[in-house]
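A.B. asks: Sharing a structure here in structure tokens format.
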Amino acid sequence: MLKKLPVFLLVVLLAAGIQAQVTTILDFESAATTTTFQYFGSSIDGQQTVTLANPNPTGANTSANVLEFRKPAGAQTWAGAFSNPNPATAVSVPAGSKVTILFHSDHIGNLTLKLENSSDGGPNWLQTQANTVVNGWEKLEFDVAIPSAEPPNQPAGGHIYQTVTLFVDFGVSPSADQVSYIDDIQVEIPVSCTNILDFENPATSTAFQYFGSSIDGQLGNTISNPNPTGINTSATVYQFSKPANSQVWAGAFSNPSPSTPLVLNDGGIIKIKVHSDHVGNLAFKLEDSPDGGPTWILQQPIEVANEWVELSFDPSLPSIETPNEPAAGHTYNRVVLFFDFGTAFPNDQTYYFDDIQVCGGGGIPSADVTFTVNMNQYGSPFSNVYVSGTFNSWSGDANQLSDADGDGIYSTTLSLPVGLYEYKFTLDNWAAQENLDITSACAQVTFAGSDVFVNRKLALSGDVELDPVCFNSCYACGESVKINYALGLNGATADPGGVYLAGGAEFGAPNPRFRMYDDDLDNVYTLQIERQRGYGGYFTFTNGACADFSCKEIIAGLSCAHPENFNDRFLSPVQQDTTLATCLGTCATASDCTSGATELAGPGAWMEVMPTLTSQEVRILFRELTQSNARVQITDLTGRIVWQQQWNLAPSQVNLPVADWNNGMYLITAENGGRRITGRFVKM
């Protein structure tokens, strides 16, 4: 039996009525589903992955070919590989879908998936999943409804991506070479199923009346499942008899009709589980359409004996009998079944069937979401609380919350189609509304010309009770802190593009949400953010809106720099409102920048680096020296020292060959007579 099918197929996820539409992006079995990944962040930078024979074709993965993934000793914590070329099938992840990957490792670690290069403007998205199996295949699931672990911290659901990037043991630099294996990168989209008959209770049971044999007019019966294994472990199933020498068209029809009709208005696939002691077939017929739909019949083979198998019947296909029209778009009341249609046997035959469902015909599945807001810290009088959002066209009175026990906490539960939403809590039909700050972690921020819209965001993929929040806050009342950043520019001129709080997993590249302002014109730029108590993490500052971090402050080698995270600063977890004051490019603990300052290299400074973009050599010019020598150090962006020397500054201009250096940005730091200065250049 083949494990892998073409790029698009339907598979069962749960026997209880949930199916999944599965798109295979990469399975490394054919040219259309194979690509290579290019390594970065390690000694094998630029090399490509290889596809090889499955080293352990057991358990969850018995396919022939898999992807080998290597992480050499000493690799950067962020070392990984990106698809090059990109997969032939784009990674389309509708709301509610998941990306699944088969993973094989010889130790407990993690696999990180990053989706990039969206064709519809979707945000880059990253998520990490820990593996729980050693030396065996395991399917890891990545839920695109969960916000990315990296800025802009938005979910990927609803977007299409071209580039797949993989990281094994993200955040870890291994001491020895590591080899793991990857296979079957797929997108699974849950599809809702309507249960027609499962014979477990009166509402989902009926009888079938035989015709075309010696038991004409008799009714079949439900029995205990004779083989509760595999895909069907339910308690009760229906037994189907076909006596010896029955007509080739002998069968049975539902009598009475099922309580739930088969609604095929939105398409859908009809599913039925069957059990036969021999290879044969089943013909499935629909009759008695209240909307005038044609009688419809389709036949499928039963290819496995003595096991439960699930057969699928597509109503969009034409009937094999006149009028040869499809059933899609219609509703039917009666089900007719023919086992071994077209065949007569000299001996009695017995079959079993169960779980007749219509899957995927109900449109977008819905989920229940509970909204809860605490109004106890809201100081103004109000009468009613509402939730207003894209799901109710921002109505001010459509969805009212209630405070049943009078404790000041209001809630309501709504049933909504799965998807992405924006919302906020409002009072008295828009007499008042929440005013979340642009820096709020829970906010969806939209810039529309001079207007900025700040709302809460919801990625709904299943039933959920949202955590209670304080009105105007992302957090429960009393559980947040205010963090004030104050940055002196240390003599530098503010870039016209702005000064920014950036870096780390929280802020990323310079973003208008985290722009700092000098409102009182004292050359100190400030920004306040609200975060949950205990918040901490890496951060930096930029003087300019540089997406490549070329305008990032240089603190490499200083006590406040963290080489393990690109020489960013680090904020330890805070338990109360906190002010963090410093100066650009220094570890100062005040923003006045009057002492201990680090100068920035450039025209007029006592050190200048030319050119800043080079492929052969860089010229370092020193002027106005107070001593005859200086300690000079050059580091890359990871903080690794690539060159250092106690430099005799005669002559004061030195040409440094860099043609053999790796491409990338380098930081130059010099100290002379108690002064410190930093500059940078990019080796191309």
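The values are calculated or read from the model by the stated rules, or taken from the named source; none is laboratory data. The structure presented is a predicted model; accordingly, all values stated were derived computationally and were not measured. Backbone-built Cβ (ideal geometry, glycine too); neighbour counts: all protein chains shown.
Quick grid of which residues meet (1) aliphatic (A, V, I, L, M); (2) surrounded by fewer than 20 Cβ atoms within 10 Å (Cβ to Cβ); (3) farther than 30 Å from ASN565 by Cα:
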site	(1), (2), (3)
SER173	no, yes, no
VAL187	yes, no, yes
ASP198	no, no, yes
PHE211	no, yes, yes
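A.B. asks: From the list LYS457, LYS482, which residue is closer than 23 Å to GLY96 by Cα and of a type in the set (Lys, Arg)? Break it down stepwise before answering.
C.D. replies: Values: LYS482 fails: closer than 23 Å to GLY96 by Cα.
Answer to the selection: LYS457.
A.B. asks: State which residue is modelled with the highest pLDDT when the search covers only the range 606-619 and only residues that are surrounded by 19 or more Cβ atoms within 10 Å (Cβ to Cβ) and more than 14 Å from PRO657 (Cα to Cα).
C.D. replies: MET607
A.B. asks: Hey, can you tell me all the residues within the range 632-669 that are farther than 24 Å from ASP548 by Cβ, at pLDDT 70 or above and in a strand (DSSP E or B)?
C.D. replies: Going residue by residue through the range 632-669, those that are farther than 24 Å from ASP548 by Cβ are 632, 644-655, 657.
Imposing the further condition that a residue be at pLDDT 70 or above reduces the set to 632, 644-645, 652-655, 657.
Result: VAL632, GLN644, GLN645, GLN653, VAL654, ASN655, PRO657.
A.B. asks: VAL179: surrounded by fewer than 19 Cβ atoms within 10 Å (Cβ to Cβ), assigned by TED's automatic domain parsing to the domain that holds GLY80 and at pLDDT 95 or above, yes or no? Give the derivation first.
C.D. replies: Working: surrounded by fewer than 19 Cβ atoms within 10 Å (Cβ to Cβ): yes; assigned by TED's automatic domain parsing to the domain that holds GLY80: yes; at pLDDT 95 or above: yes.
So VAL179 fits the description; yes.
A.B. asks: Might you let me know whether the range 159-169 holds any residue that is modelled with pLDDT under 90 and farther than 21 Å from TRP78 by Cα?
C.D. replies: Here is the first cut: in the range 159-169, the residues modelled with pLDDT under 90 are 159-160.
Filter once more, so that each one left must be farther than 21 Å from TRP78 by Cα: 159-160.
Yes, because at least one residue in the range 159-169 is modelled with pLDDT under 90 and farther than 21 Å from TRP78 by Cα.
A.B. asks: In this structure, does LYS285 turn out to be modelled with pLDDT of 95 or more, in the same structural domain as PRO202 (by TED's automatic domain parsing) and under 22 Å from GLY360 (Cα atoms)? Walk me through how you get there before you give the answer.
C.D. replies: Values: modelled with pLDDT of 95 or more: yes; in the same structural domain as PRO202 (by TED's automatic domain parsing): yes; under 22 Å from GLY360 (Cα atoms): yes.
The answer is yes for LYS285.
A.B. asks: Taking into account only those residues within the range 560-595 that are loosely packed, with under 14 Cβ neighbours inside 10 Å and out of contact with any strand residue (DSSP E or B) (no Cβ under 8 Å at 6 or more places or on another chain), which is modelled with the lowest pLDDT?
C.D. replies: It comes out as SER595.
A.B. asks: How about the range 54-129: which strands (runs of 3 or more DSSP E) wholly inside it have at least 1 residues that are hydroxyl-bearing (Ser, Thr, Tyr) and over 11 Å from TYR161 (Cβ atoms)?
C.D. replies: Numbers: elements: 65-71, 80-83, 91-93, 98-104, 110-118.
The strands (runs of 3 or more DSSP E) meeting that bar are 98-104, 110-118.
A.B. asks: Where residues in the range 546-559 are closer than 20 Å to ALA486 by Cβ and of a type outside the set (D, E, K, R), which of them is surrounded by the most Cβ atoms within 10 Å (Cβ to Cβ)? Full working, then the answer.
C.D. replies: Quick first cut of the range 546-559, residues closer than 20 Å to ALA486 by Cβ only: 551-555, 558-559.
Adding the requirement that they be of a type outside the set (D, E, K, R) leaves 551, 554-555, 558-559.
Working: CYS551: 19, ILE554: 23, ILE555: 25, LEU558: 16, SER559: 6.
The residue in question is ILE555.
A.B. asks: Could you please find all residues in the range 411-441 being part of a loop (DSSP other than H, G, I, E, B) and either more than 13 Å from SER388 (Cα to Cα) or outside the structural domain of ASN384 (by TED's automatic domain parsing) (or both)?
C.D. replies: Within the range 411-441, the subset part of a loop (DSSP other than H, G, I, E, B) is 418, 428-431, 434-441.
VAL418, ASN435, LEU436, ASP437, ILE438, THR439, SER440, ALA441 - these are the residues of the range 411-441 that are part of a loop (DSSP other than H, G, I, E, B) and either more than 13 Å from SER388 (Cα to Cα) or outside the structural domain of ASN384 (by TED's automatic domain parsing) (or both).
A.B. asks: For the range 129-148: of the residues being within 9 Å of the chain's Cα centre (by Cα) and closer than 26 Å to SER42 by Cβ, which is surrounded by the most Cβ atoms within 10 Å (Cβ to Cβ)?
C.D. replies: So the residue we want is PHE142.
A.B. asks: Let me ask you something else. Could you list all residues from the range 489-509 that are touching a Gly at 6+ places or on another chain (Cβ under 7 Å), buried (at least 20 other Cβ atoms within 10 Å of the Cβ) and not in a strand (DSSP E or B)?
C.D. replies: Hits for the range 489-509 are ASN490, GLY504, GLU506.
A.B. asks: Quick check on the range 41-53: of everything there that is part of a strand (DSSP E or B) and closer than 13 Å to PHE69 by Cβ, which residue is farthest from the chain's Cα centre (by Cα)? Explain how you work it out, then say what you get.
C.D. replies: Let us first name the residues in the range 41-53 that are part of a strand (DSSP E or B), namely 48, 50-53.
Applying the additional criterion that residues be closer than 13 Å to PHE69 by Cβ yields 48, 50-52.
Numbers: GLN48: 25, VAL50: 26, THR51: 25, LEU52: 28 Å.
Per the stated criteria, the residue is LEU52.
A.B. asks: Sticking with this structure for a sec: For the range 459-469, what are the residues that are at pLDDT 95 or above and buried (at least 20 other Cβ atoms within 10 Å of the Cβ)?
C.D. replies: Answer for the range 459-469, where residues must be at pLDDT 95 or above and buried (at least 20 other Cβ atoms within 10 Å of the Cβ): just VAL469.
A.B. asks: Which number in (1) at pLDDT 95 or above; (2) in a loop (DSSP other than H, G, I, E, B) marks the one condition that ASN265 misses?
C.D. replies: Of the numbered conditions (1) at pLDDT 95 or above; (2) in a loop (DSSP other than H, G, I, E, B), the odd one out for ASN265 is (1).
A.B. asks: Further, regarding this structure: Would you check which residues across the range 130-144 are among the aliphatic types (A, V, I, L, M), part of a loop (DSSP other than H, G, I, E, B) and touching a Phe, Trp or Tyr at 6+ places or on another chain (Cβ under 9 Å) and list them?
C.D. replies: The answer is VAL133, VAL144.
A.B. asks: Do we have any residue at all in the range 86-104 that's out of contact with any strand residue (DSSP E or B) (no Cβ under 7 Å at 6 or more places or on another chain), surrounded by fewer than 22 Cβ atoms within 10 Å (Cβ to Cβ) and touching a residue at least 60 places away in the same chain (Cβ under 8 Å)?
C.D. replies: First, the residues of the range 86-104 that are out of contact with any strand residue (DSSP E or B) (no Cβ under 7 Å at 6 or more places or on another chain): 88.
Remaining after also requiring surrounded by fewer than 22 Cβ atoms within 10 Å (Cβ to Cβ): 88.
Retained after the next criterion (residues that are touching a residue at least 60 places away in the same chain (Cβ under 8 Å)): none.
No: the range 86-104 contains no residue that is out of contact with any strand residue (DSSP E or B) (no Cβ under 7 Å at 6 or more places or on another chain), surrounded by fewer than 22 Cβ atoms within 10 Å (Cβ to Cβ) and touching a residue at least 60 places away in the same chain (Cβ under 8 Å).
A.B. asks: Hey, among the residues in the range 446-456 that are surrounded by fewer than 20 Cβ atoms within 10 Å (Cβ to Cβ) and outside any loop (DSSP other than H, G, I, E, B), which one's modelled with the lowest pLDDT? Write out each step before concluding.
C.D. replies: Filtering the range 446-456 for residues surrounded by fewer than 20 Cβ atoms within 10 Å (Cβ to Cβ) gives 446-454.
Adding the requirement that they be outside any loop (DSSP other than H, G, I, E, B) leaves 446-448, 451-454.
On the way: THR446: 84, PHE447: 82, ALA448: 79, ASP451: 87, VAL452: 89, PHE453: 91, VAL454: 93.
Once the filter is applied, the top-ranked residue is ALA448.
A.B. asks: I need the full set of residues from the range 213-245 which are of a type in the set (S, T, N, Q), part of a loop (DSSP other than H, G, I, E, B) and surrounded by fewer than 15 Cβ atoms within 10 Å (Cβ to Cβ), in order please.
C.D. replies: SER214, ASN227, THR233, ASN245
A.B. asks: Sticking with this structure for a sec: Give the residues of the range 246-270 that are touching a His at 6+ places or on another chain (Cβ under 9 Å) and surrounded by fewer than 20 Cβ atoms within 10 Å (Cβ to Cβ), sorted by residue number.
C.D. replies: Within the range 246-270, VAL263, ASN265 qualify.
A.B. asks: I've got another one for you. When the range 311-323 is examined, which residues are found to be buried (at least 19 other Cβ atoms within 10 Å of the Cβ) and either at pLDDT 95 or above or part of a strand (DSSP E or B) (or both)?
C.D. replies: Selection gives LEU311, PHE313.
A.B. asks: How many residues are more than 16 Å from ALA588 (Cβ to Cβ), touching a residue at least 40 places away in the same chain (Cβ under 8 Å) and touching a strand residue (DSSP E or B) at 6+ places or on another chain (Cβ under 7 Å) when one looks only at the range 523-544?
C.D. replies: 9
A.B. asks: Among the candidates SER246, SER316, single out the residue that is polar (S, T, N, Q) and over 43 Å from the mean Cα position of the chain (by Cα). Steps first, answer last, please.
C.D. replies: Working: SER316 fails: over 43 Å from the mean Cα position of the chain (by Cα).
Being polar (S, T, N, Q) and over 43 Å from the mean Cα position of the chain (by Cα) holds for just one of SER246, SER316, which is SER246.
A.B. asks: Among the residues of the range 428-477, write down those that are without any contact (Cβ under 8 Å) to a residue 24 or more places away in the chain and over 26 Å from GLY157 (Cα atoms).
C.D. replies: Once the filter is applied, which keeps residues that are without any contact (Cβ under 8 Å) to a residue 24 or more places away in the chain and over 26 Å from GLY157 (Cα atoms), the range 428-477 yields only SER450.
A.B. asks: Follow-up question, since we're still on this one. Out of all the residues in the range 324-344, which are at pLDDT below 95 and more than 22 Å from PRO261 (Cα to Cα)?
C.D. replies: Passing the criteria: GLY342, THR343, ALA344.
A.B. asks: In addition: Among the residues of the range 518-549, count how many are out of contact with any helix residue (DSSP H, G or I) (no Cβ under 9 Å at 6 or more places or on another chain), assigned to a strand (DSSP E or B) and aliphatic (A, V, I, L, M).
C.D. replies: Counting residues in the range 518-549 that are out of contact with any helix residue (DSSP H, G or I) (no Cβ under 9 Å at 6 or more places or on another chain), assigned to a strand (DSSP E or B) and aliphatic (A, V, I, L, M) gives 1.
A.B. asks: Still on this structure, I have one more. Could you please let me know if GLY498 is at positive phi and without any contact (Cβ under 8 Å) to a residue 60 or more places away in the chain? Walk me through it before giving the result.
C.D. replies: Values: at positive phi: yes; without any contact (Cβ under 8 Å) to a residue 60 or more places away in the chain: yes.
Taking the combined requirement at face value, the residue satisfies it.
A.B. asks: Looking only at residues that are among the hydrophobic types (A, V, I, L, M, F, W, C) and crowded, with 16+ Cβ neighbours inside 10 Å in the range 149-163, which one is farthest from the chain's Cα centre (by Cα)? I'd like the intermediate steps shown before the answer.
C.D. replies: At the first step, the residues of the range 149-163 found to be among the hydrophobic types (A, V, I, L, M, F, W, C) are 149, 156, 160.
Filter once more, so that each one left must be crowded, with 16+ Cβ neighbours inside 10 Å: 156, 160.
Working: ALA156: 5, ILE160: 12 Å.
Checked the range 149-163; the qualifying residue farthest from the chain's Cα centre (by Cα) is ILE160.
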